[in-house]
Amino acid sequence: MRIDGKGLIDRRKPISFRFDGQRYDGFAGDTLASALLANDIRLMGRSFKYHRPRGVLTAGSEEPNALVTTGLGPAQEPNVRATTLELYEGLMARSQNRWPSLGFDLMAVNDLAAPFLGAGFYYKTFMWPKAFWEKIYEPVIRNAAGLGALSGEANSDKYEKAFAHCDLLVIGAGPAGLWAAMEGARAGLDVILCDEDTQPGGRLNAETETVGGMAGAEWAASVVAELRAMGNVRIMTRTAVIGAYDGGTYGALERLAPEVAQRPGAARECFWRITAGQAVLAAGAIERPVAFRNNDRPGIMTAGAVRAYLNRWNVTAGRNIAVYGNTDEAHRSVRDLQAAGLHVSALIDARPHATCDLDVPFFAGAEVSNAEGRQALEAVEIRTAKGVEKIRAECLAMSGGWNPNVHLTCHMGGRPVWDRDIAAFVPQPGAVPGLHVAGAARGVFDTAGCLADGRRAARAALEALGRKAAEVDLPEAETARYDIWPVWAVPGKGRAWLDFQNDVTVKDVRQAAVENFRSVEHMKRYTTQGMATDQGKNSNVAALAVLADATGRGIPETGTTTFRPPFVPVSIAALGAGAQGKGFAPQRFTTSHDASVARGAPMIEAGLWYRPSYFPQAGETHWRQSCDREVQMVRRAVGVSDVSTLGKIDIQGPDAGAFLDMVYTGMFSTLKEGRVRYGLMLREDGYVMDDGTTARMGADHYVMTTTTAAAGQVMRHLDFVHQCLCPQMDVRFISVTEQWAQFAVAGPKARDLLTELLGADQVDLPFMGCGAVRIDEIDARLFRISFSGEAGYEIAVPARYGAALFERLCEMAEARDGGPYGMEALNVLRIEKGFITHAEIHGRVTAKDIGMGGMVSAKKDCVGKPMAARPGLSEDLREELVGLRPLGEIKELPAGAHLFDEGAEAMAENDQGYVTSSCYSPSCESVLALGFLKNGRARHGERVRLVDHLRGVDTICEVQDPVQFDADGGRMRD
Amino acid sequence: MTELTAKTPGAGIFPFEIGGITAREETPEAMTAIAPYKGREAEASAALEAAHGMALPAPGRSTGKAGARALWFGRDTALLIGPRVDASLGRHAALTDQSDAWIVVRLEGAGARDVLARLTPLDLREGVFKRGHTARSELAHMAGSITRVGPEAWQIMVFRSFARTLAHDLDSAMRGVAARAGA
């Protein structure tokens, strides 16, 4: 029901929305919860397990009951708290966990079965047969009990992530936070002030208080205006700081205002990483409910929420309201309600010594023992020394006191400390370095105290930053005494709810203790208390108090469960913002990319690079046709392939040769200028890291190539070797992978092609020679190297000319019955030649394994050489690189298949090796494979059994030399 | 026969403007990595000063001005952007042509810093990252270089092959910032 008043809603801006299909009206400034209450909707959800009718309990992010689903299809978002959901035009919200409707939920039959469904029920009942748990019991249980559901479609909304930096981060914009921000800002700090609410002010927006001579909310607004005008303060509303991390880093989730989030290109949420020099935690406190029979009836709310709805949103859940509390705040609730013209039917103060000066039926030392009404509260039972009295109430404002929000202070292992005076846990000082706690989060519960505490915390932060505090007068504010009489659970029959979200009762916690789940962590897991979206914000302390009582221990000895980030639920979409589709990983495109795509080449990923698989021609319907043609084209005419993706590293300096001797197994300091040498690089542990060619361009100048996959790893390795192993060497290196576009031109007609391109004298290079050349006045580099086994060259030009040169090379090749070839053909050509890639040098092979033991120079030391001499790496019976050809009826030799002795059973104990690469070779007219076989080099000519358990292949093949085509290499040398 | 015409890394991708912020490709005549040899920083710096009018930059800083600028570019390395490097520097430093290796983009406009806040963890606050400051850092998954060249202007660089991803990520961040205008 909406009442008159000067709240923070804008009555000039009506907003219509839908809840469960029904149209309602509210105002700008409303939350869904306040707007529903304004429309007399008290039933907002069904409970998790028993499907009990539930209404809104709180007015903040701790809400356990009023969870709704918004949006449809890909934009569907479950478990949105109605208490933090801003009302906007066209909002469509649906209730959850009910069938067929919220008012008539057939699953509520669970509530009748409650005597059987207590804590541990599932564990005890669905034990047998074991296999039934995953397949039958769990799906059925999950279907019956639960929260909202995702749509199953990919999320269509945009999410952002962003970084922010400041000198002082203030978490929470209540009086303590506002004043801490003011102190920081006046001292000249860069300040970020975060608050999860839409409006700064904290409790000042919910109470009728005077600060600095004006209404609390007005004062908060004036401070915010002043802070905004200063220029060094960034105020982030709708932003919940969700975690404290190392080095002064905090995670925060920002919900964008609905009208902003609906704009094109806008994110729905932004996940912030805030790095702060110092921080002030002024996160306030959360009011705790009292456990009594049927304390979950819609209309029963925390007293603070009742005042917030009344004062901020001008709504009430009923005309007759009872108030039940254990501090002076109960009297404040009565005052506010009466001032608003509402009828307070009873004030029940748990404190026996309490007195009352208000015109209200007053019960001191009393308790609420039961609530009546099912879908809405109708009356409460009050138990006093004299007996039980029933009083009419549509709303009960209850309070068991306040729990400081210690959450963030515990994210680095800190444990909160029990404060007997306020019957609550307070933060352990210094629990998070650089984080100063202020205000209600530290157990200071009056406004004047909060302002002063905000100042104290800010000044501690200033001192830590070595900055001087400014002289600012504290505004005048109200002081209050916090006189609490702890009440956790009212004794009596029936179910008294502790955790509304997980349907955990006092009895469940006691049952856990009886069954010896006495540790608070065990109790939590046994009862599920403190799980799901509210993470027990409303129930943790009361539950452990009940547990303490049941186990005969004190509350501090019982302790709390572990607080972990996030403080409020964070969607995976926000955490992984931007990482969908093209945002998942960067894409690297070669200069020939567009030309390859234009020729119809399917592009495949090689690391981050995109490379052409093959270039289909008219009439080719299968990739093998294109691949076979391209292989034969290279063997018979000439092929062109973009090899720019291979890593290229420019190495210069007087010690460049010595440095290469250190990182390669072979000798490079003796390489002649104008020559290229193949090199093998070992990791420190002695295994092969990478291979490639290195060209000596000048006396102190080399250009190293790496494989595409290991380019980054090799660069990092070179940096490591230079910085850590040989810092004395005068050598400099830098990646030039992207500077040069490089193309392989291979085949019997390669020389003819390049003669036309460069002129005969520029092409006159010996095998493994290199040199600077010019094409049309452009400085280029030519290398006579081959990865195909044919007479081959690689030509490099500055990348700006790459696209044009690729086109020209293709044209020239096509004029010679050649053309471009892709990765598939490149792979076949190298398998025919027994050339290795990272399929073979996969990180577990030694130089000797791949038949390159002789390349480890005996004349010098190199990285990995000592470790490669370890017995396990140098012994004879290791698996060695071999070639394989099929002999049996089945001609497939799939990579990943394992090798066994002929006749041996195909099991792990008999494993002799495995296949790494496989292809159909048009040159050999056979399927070929490379693989590793125990003692393989001595077994050429032997028959072995090949089994691929995954693909169901079982065949016989013959062991061969890895080089299965042109064994003497004459084709590439001549 | 196809003529060997040059193509810039951002051809057909840049420029674009969203919400008053522009992303424009810059095409300096040359970019050269200058890595002084052991103990030769002073000589290299003097040679750079004599030939191009700027000293070698300290870590995190740049020297020179628009059109001829030297950025700190990593350990023992500076990147001369603009003029072709004078051969005299080759006596004191390894010189490596990087003219074609990077895409250089100028991001400019009110809110450009907010765009970068979505792409890099760097602290780019007014008083912290001043004009002329430079860093090698993460730029939306990519290893990049970021230099402040004006009050609302930033030069950002990534490897040439990343040009499209840079445009994609800038576009997304710029739209996100533009959508918040006035909020």
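Any read-out appearing in this document is the output of simple, stated calculations on the displayed coordinates, not a laboratory observation. Here the structure is a predicted model, which means the values were calculated and not measured. With ideal geometry, Cβ positions are generated from the backbone for all residues, glycine too; neighbour counts draw on all protein chains shown.
Listed values, structure above:
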{"read-out": "Taking all pairs of distinct alpha-carbon atoms in segment A:702-784, Kirkwood radius in angstrom", "value": "15.3 Å"}
{"read-out": "Degrees, to the nearest 10: A:175-186 long Cα axis against longest axis of chain A", "value": "60 degrees"}
{"read-out": "Peptide-level mean, for A:725-734, of C-beta atoms on other protein chains within 10 Å", "value": "4"}
{"read-out": "Dimensions (Å) - the protein assembly as shown, Cα atoms, principal axes, largest first", "value": "113, 79, 56"}
{"read-out": "Values of log10 I(q)/I(0), in the order q = 0.12 Å⁻¹, for segment A:648-735 under a Debye, Cα-only, solvent-free model", "value": "-0.29"}
{"read-out": "Stretch gain in nm, segment A:Asp861-A:Gln617, where the contour uses 0.36 nm per residue and the Cα spacing is subtracted", "value": "82.7 nm"}
{"read-out": "Label point distance in nm, A:Lys672-A:Leu465, each placed 7 Å from Cα along Cα→Cβ", "value": "6.8 nm"}
{"read-out": "Value at 222 nm in deg cm²/dmol, rounded to 500, when DSSP H runs of n ≥ 4 in chain A each add -39,500 (n - 2.57)", "value": "-6000 deg cm²/dmol"}
{"read-out": "C-alpha center-to-center spacing [segment A:498-532, segment A:349-383] in angstrom", "value": "27 Å"}
{"read-out": "Two-decimal log10 I(q)/I(0) for segment A:902-974, as the Debye equation yields it once each C-alpha is a single scatterer, q = 0.12, 0.27 Å⁻¹", "value": "-0.39, -1.49"}
{"read-out": "0 to 90° range, to nearest 10: angle between helix A:823-833 axis and chain A longest Cα axis", "value": "50 degrees"}
{"read-out": "GluC sites (Glu not before Pro) lying in DSSP loop within segment A:408-492, provided at most 16 other Cβ fall within 10 Å", "value": "A:Glu471, A:Glu476, A:Glu478"}
{"read-out": "Compactness of chain B as Cα Rg over 2.2 N^0.38 Å, two decimals", "value": "1.06"}
{"read-out": "Net charge contributed by nearby residues that have their C-beta within less than 9 Å of A:Met704 (K/R +1, D/E -1)", "value": "0"}
{"read-out": "For segment A:602-642: rounded, prolate or oblate by the Cα gyration tensor [a/c cutoff 1.5]", "value": "oblate"}
{"read-out": "Using alpha-carbon coordinates, inclination of helix B:163-179 to the longest axis of chain B, degrees", "value": "40 degrees"}
{"read-out": "Shape call, segment A:291-399: gyration tensor on alpha carbons, a/c limit 1.5", "value": "oblate"}
{"read-out": "Protection proxy ranking of A:37-45, A:99-107, A:293-301 - average other beta-carbon atoms within 10 Å, highest first", "value": "A:293-301, A:37-45, A:99-107"}
{"read-out": "Computed FRET value (nearest 0.05) for A:Arg263 with B:Arg131, which takes r as the C-beta separation and R₀ as 41 Å", "value": "0.80"}
{"read-out": "Span from the segment A:67-102 Cα centroid across to the segment A:723-767 one, whole angstrom", "value": "63 Å"}
{"read-out": "Base-10 log of normalised Debye intensity for segment A:1-109 (one unit scatterer per alpha-carbon) at q = 0.12, 0.14, 0.17, 0.19 Å⁻¹", "value": "-0.39, -0.53, -0.77, -0.95"}
{"read-out": "Between segment A:917-934 and segment A:269-289, the alpha-carbon center distance in angstrom", "value": "62 Å"}
{"read-out": "Approximate spin-label separation A:His949-A:Arg870, in nm, with each point projected 7 Å along Cα-to-Cβ", "value": "2.7 nm"}
{"read-out": "For segment B:30-97: rounded, prolate or oblate by the Cα gyration tensor [a/c cutoff 1.5]", "value": "rounded"}
{"read-out": "Low-density loop positions, trypsin sites (Lys or Arg not before Pro), segment A:383-428 - DSSP coil, at most 13 other Cβ in 10 Å", "value": "A:Lys386"}
